[in-house]
Amino acid sequence: MKKEEAKVIIDIRNMYKIYEMGSEEVHALDGVNLQIREHEFVAIIGPSGSGKSTLMNMIGCLDTPTSGEYILDGISIENYTENELAHIRNVKIGFIFQQFNLFRRLTALENVEMPAKYNRVPVEERRARAVEALKMVGLGERIYHRPTELSGGQQQRVAIARSLVNKPPILLADEPTGNLDSKSGEEIMKMMHQLHSEGNTIILITHDNDIAEEADRVVRIFDGRIHEDKQKGAK
Amino acid sequence: MVYTEAFISAVKAIWAHKMRSFLTMLGIIIGIFSVTALISVAQGTTASVTSSIESMGSNLLTINIMDRRTSLDAKDIEAISELEGVGMVSPYVQSTYTLRSSISTMEDISTYGVNADYTKIVEYTLATGRELTDEDSDKRMRVAVLGSEVATELYNTADAAIGQEISIGGTRFTVVGVLESEGTSSSGNEDEMILIPFSTAQRMMKNTDISSIYASATSSDTVELAQENIEDYLYQVSGSEDNYMVFNQSEVLESLEGVTGTLTMMLGGIAAISLLVGGIGIMNIMLVSVTERTREIGIQKAIGATRKDILTQFLIEAILVSGLGGLLGLGLAYVSTGPLGSVLDMTVEIESWVVIVSIGFSLAVGIVFGIYPAIRASKLNPIDALRYE
């Protein structure tokens, strides 16, 4: 099986995240073990408060666990400084948010360029890459439009282009269709499939079963624990 | 390159909030304007006083006898004029009189009793007629040389005054000369005074003592030598160092520069307080801006911005606001020097060191008051910032 041979790109071992709320301890993550291999398309599904957002923050290196280990693309995240984590976020992970999170003052092109800017890519190369990424998501004609001049679906496609510009191995999408009408949502999901077929590792966070079912593998999380981890086709 | 881009994005951010940015800048604009304008006015004052003192002749020595019992007479004047290094000597007495001509009257005009050398010592120039002579003094002639304003007020023109009668405190004199306009100096308006022979004045003022003397050194190199010789002579005559004072112009200038220096510092200091207030305004707005842009900062961090990237961005914005404010303030000061100068009747010039200091100051204000908001922005936790609505 080819998939078994692909290397593990995300390796979470016995991870805990404990918040202290007054005198109470809240276990947002309660001993999570999760391995994701390269080129996988994984959906992480759970109701709100299940710990899926916390897990996403951990995968995205936005947060650090209370205990446990996280090895991302062969690098243990432990003991990294904030600046080093910023760099890892920059080159290893492409973020796609529910709210798109584009900068309203900037054009689509400038928005897409941004991660490359933080990666100190020279201006011309950065511009070329951003244009290429925008063409890939079908917005080659609208590179100078501002987010307010674009539809929700188009905005999300700009955000996808932004997540691709540094060519990160992992795309981390948090409810990417949550703010879109069903037609635009379908387009975005089609794009996710296309990106997957082009070799990207895709991790999709959602609370929507129909969306989750589009992935090859569905991980269900509840009360900070993984309840089910199911490959498509295998019952 | 990184900084160029941070600079461009700072310009965009400032432009996006034009009104707010301008109001923030206003504090710095006013601060830099007042510092620059006040220092320049103080400098202008110093320059005009200095030049009027220098116009009196840099070789000038002023001698004051402080002791009533020490009485100098014509022999002493003669003796002083023969001391080594000393050029010309003129005693003088001064009082104020009402002047009358057939046309007009002037009250409280300074009247100086001086000898022939006086106009040369203080470097006055004759416009028309003749100067006072030794003969005038010897014979107690009732002749007068007028300052330019006195001549125009009493006789309309300088030329018309020559040969005319003038009543000085009720005594009739003949006008023999008129001086060129000399302007205002530390000793008052030099165009609104008259000169009469020393001996004539002594009799009019019923004052036979010589207590004030102007002398000149033979050259600027002999000023100190002349001063020492005069002091030695006066010591022999009066018997105590406390009985006389001899000043040269550089001493007068020095003490004056001390005063105007303090004045400059004080005015600059007061204006600097407004700069401080402007700086606090910048900090305030930058803090508001950081809060407003919390979510933006979260996104930036999520897609790979480091603390340094965020810090640089906000700091450059603060420096740009205050630097731009500084430039505008400076521009305003430049524009206002003309009107200020004509209102205050002096040349107000902004010296280059003032320009450099005020630009440096405004940039420093940006750094000092921008650093705290910038640090705060850079330390935001990306998760909290992303969640912020």
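State all residues of the stretch B:104-148 that are in a loop (DSSP other than H, G, I, E, B) and small (Gly, Ala, Ser); if no residue qualifies, say none.
Answer for the stretch B:104-148, where residues must be in a loop (DSSP other than H, G, I, E, B) and small (Gly, Ala, Ser): B:Ser104, B:Ala116, B:Gly147.
Out of all the residues in the stretch B:100-127, which are among the acidic types (Asp, Glu) and under 23 Å from B:Ile63 (Cα atoms)?
B:Asp117, B:Glu123
Inspect all residues belonging to the stretch B:87-103 and state whether any of them is at positive phi and not in a helix (DSSP H, G or I).
no
Does B:Thr98 fit the bill of being in contact (Cβ under 8 Å) with a residue 24 or more places away in the chain and open to solvent by 20 Å² or more (accessible area, probe 1.4 Å)?
yes
Across the stretch A:58-86, what is the total count of residues that are at the interface with chain B (Cβ under 10 Å from one of its Cβ atoms) and either of a type in the set (Phe, Trp, Tyr) or surrounded by fewer than 17 Cβ atoms within 10 Å (Cβ to Cβ) (or both)?
Residues in the stretch A:58-86 being at the interface with chain B (Cβ under 10 Å from one of its Cβ atoms) and either of a type in the set (Phe, Trp, Tyr) or surrounded by fewer than 17 Cβ atoms within 10 Å (Cβ to Cβ) (or both): 4 in total.
Residue check, A:Val42 against (1) in contact with a Phe, Trp or Tyr (Cβ under 9 Å, 6 or more places away or on another chain); (2) more than 14 Å from chain B (Cβ to nearest Cβ), all met but one. Which one?
Unmet for A:Val42, out of (1) in contact with a Phe, Trp or Tyr (Cβ under 9 Å, 6 or more places away or on another chain); (2) more than 14 Å from chain B (Cβ to nearest Cβ): (1).
Per-residue answers, yes or no, for (1) more than 30 Å from B:Val93 (Cβ to Cβ); (2) touching a Gly at 6+ places or on another chain (Cβ under 7 Å):
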site: B:Ser9; (1), (2): yes, no
site: B:Ile14; (1), (2): yes, no
site: B:Ser34; (1), (2): yes, no
site: B:Leu38; (1), (2): yes, yes
site: B:Ala42; (1), (2): yes, no
site: B:Thr45; (1), (2): yes, no
site: B:Ser48; (1), (2): no, no
site: B:Asn64; (1), (2): no, no
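How many residues, within the stretch A:94-143, are in contact with a strand residue (DSSP E or B) (Cβ under 7 Å, 6 or more places away or on another chain) and at the interface with another protein chain (Cβ under 9 Å from one of its Cβ atoms)?
3
Inspect the stretch B:347-358 for any residue being within 14 Å of another protein chain (Cβ to nearest Cβ), out of contact with any His (no Cβ under 8 Å at 6 or more places or on another chain) and among the polar types (S, T, N, Q) and give the result as yes or no.
No.
I'd like the full set of residues that are among the polar types (S, T, N, Q), crowded, with 18+ Cβ neighbours inside 10 Å and closer than 14 Å to B:Ala79 by Cα, limited to the stretch B:228-252.
B:Asn229 - this is the single residue of the stretch B:228-252 that is among the polar types (S, T, N, Q), crowded, with 18+ Cβ neighbours inside 10 Å and closer than 14 Å to B:Ala79 by Cα.
Under 8 Å between Cβ atoms, which residue pairs at least 6 apart in sequence (or on different chains) link something in the stretch A:202-221 that is assigned to a loop (DSSP other than H, G, I, E, B) with a partner that is hydroxyl-bearing (Ser, Thr, Tyr)?
Short answer, once both residue conditions are applied: A:His207/A:Ser48; A:Asp208/A:Thr177.
Considering B:Val41, B:Val93, which residue is assigned by TED's automatic domain parsing to the domain that holds B:Thr111 and either surrounded by 19 or more Cβ atoms within 10 Å (Cβ to Cβ) or under 21 Å from B:Leu253 (Cβ atoms) (or both)?
Step by step, each of B:Val41, B:Val93 is checked, and only B:Val93 is assigned by TED's automatic domain parsing to the domain that holds B:Thr111 and either surrounded by 19 or more Cβ atoms within 10 Å (Cβ to Cβ) or under 21 Å from B:Leu253 (Cβ atoms) (or both).
Does at least one position in the stretch A:161-171 carry a residue that is part of a helix (DSSP H, G or I), farther than 27 Å from A:Asn33 by Cβ and more than 14 Å from chain B (Cβ to nearest Cβ)?
Within the stretch A:161-171, none of the residues are part of a helix (DSSP H, G or I), farther than 27 Å from A:Asn33 by Cβ and more than 14 Å from chain B (Cβ to nearest Cβ).
Does the stretch B:280-308 hold any residues that are within 7 Å of chain A (Cβ to nearest Cβ) and of a type in the set (Ser, Thr, Tyr), and which are they?
B:Thr306 - this is the single residue of the stretch B:280-308 that is within 7 Å of chain A (Cβ to nearest Cβ) and of a type in the set (Ser, Thr, Tyr).
From the set of residues in the stretch B:332-346 that are small (Gly, Ala, Ser) and open to solvent by 30 Å² or more (accessible area, probe 1.4 Å), which is farthest from B:Leu23 (Cα to Cα)?
My answer is B:Ser342.
Can you give me the number of residues within the stretch A:10-58 that are over 18 Å from A:Lys230 (Cα atoms) and either modelled with pLDDT of 95 or more or outside any loop (DSSP other than H, G, I, E, B) (or both)?
22
Among the residues of the stretch B:203-216, are any surrounded by 15 or more Cβ atoms within 10 Å (Cβ to Cβ), of a type in the set (D, E, K, R) and at pLDDT 85 or above?
No, every residue in the stretch B:203-216 fails to be surrounded by 15 or more Cβ atoms within 10 Å (Cβ to Cβ), of a type in the set (D, E, K, R) and at pLDDT 85 or above.
Mind listing whichever residues of the stretch A:189-223 are within 13 Å of A:Lys52 (Cβ to Cβ) and open to solvent by 40 Å² or more (accessible area, probe 1.4 Å)?
Scanning the stretch A:189-223 gives A:His207, A:Asp208, A:Arg220, A:Phe222, A:Asp223.
The values are calculated or read from the model by the stated rules, or taken from the named source; none is laboratory data. Keep in mind the model is a prediction, meaning the values are calculated, not measured. Quick reminder, even Gly has a Cβ in these numbers, built from the backbone with ideal geometry, and neighbours come from all protein chains shown. To get the accessible areas, we keep the full protein, side chains included, count just its heavy atoms, and leave off ligands, DNA and RNA. Shrake-Rupley method; radii C 1.70, N 1.55, O 1.52, S 1.80 Å.
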